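The values are calculated or read from the model by the stated rules, or taken from the named source; none is laboratory data. Remember, it's a predicted structure, so these values are computed and weren't measured experimentally. Ideal geometry is used to build each Cβ from the backbone, glycine not excepted, and the neighbour counts take in all protein chains shown.
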Amino acid sequence: MGNQHQPNPDDRTQGFHHPDDPCDDSTDALLAHGPTASVIGPAALDAKVLVLNKLYLALRVVSARRAFTMLWSDLAEVIQVESGHYVGYDFRSWADLAEYQQRFEHEQHDWVRTVRFHVAVPRVIRLLGYDRLPAPQVKLNRRNLFARDRNQCQYCGKHFPTSELSIDHVLPRSMGGGDSWQNLVCACIACNARKGGRTPEGARMAMIRKPTMPKRNPLIAVRMGQDRYASWKQFLDHAYWSVELG
């Protein structure tokens, strides 16, 4: 069974493992030292898992493949919220729980099947020896901009695939506009060409919303809209930091 935890800000451990340190991220390596797999659902191993530090603060998102590697190596534990308490499971106790989960919660999980048992993909894991604080700001990059604007042109309001979108400077560079959350928006190719080197007012093009810096990583917000990642919400509700994608 799992162990109940109460977050303790004073708890510290020497020799923590940084989540960005090299670790064996292959399924073959994981299963070579652990359970031998006969059939593995590739979609399940590509599911996303939220990683918390030792103090229950979200750090990043990794694939289920990497999460299982960290669990099997005893670098992390699965975290479930049960009756208002954080309950931790190591790899073995999590695998033992699978029979109950398959019977009563089968549709709530993604599953990996091995020769000896099925195991559910965890939604949240906690690093056992890492207590650094997450970064204070969301990174400004192309991927996060598209996620913030949800692939929607900020001028015509239509949604497009990433390949048909560009990044527009609201105040053009030629007029002193820089790279910032407040001055960069998604624009379809047609609208970007129409606007040219002018301001929206100069081009007589209204914006559908004012660009702002997101309070949390917008890619995480997108995933939280999916039911299977609903358990992330309580760890992200009061976040003011960036969660990196692995």
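Quick notes on this structure:
- Among the candidates R126, R103, R116, residue that is assigned by TED's automatic domain parsing to the domain that holds V49, within 23 Å of N53 (Cβ to Cβ) and either out of contact with any Ser or Thr (no Cβ under 8 Å at 6 or more places or on another chain) or not in a helix (DSSP H, G or I) (or both): R126
- Residue in the range 80-98 that is of a type in the set (S, T, N, Q) and touching a helix residue (DSSP H, G or I) at 6+ places or on another chain (Cβ under 9 Å) present: yes
- Counting only strands (runs of 3 or more DSSP E) that sit completely within the range 39-99, those holding 3 or more residues that are more than 16 Å from the chain's Cα centre (by Cα) and at pLDDT below 90 correspond to 76-82.
- Qualifying residue in the range 154-174 (condition: among the basic types (K, R), free of Cβ contacts under 8 Å to residues at least 12 places away in the same chain and surrounded by fewer than 13 Cβ atoms within 10 Å (Cβ to Cβ)): yes
- The residues of the range 90-132 that are among the hydroxyl-bearing types (S, T, Y) and exposed (fewer than 14 other Cβ atoms within 10 Å of the Cβ) amount to a single one, Y100.
- Filtered residues of the range 102-133 (kept if among the hydroxyl-bearing types (S, T, Y) and in contact with a Lys or Arg (Cβ under 7 Å, 6 or more places away or on another chain)): Y130
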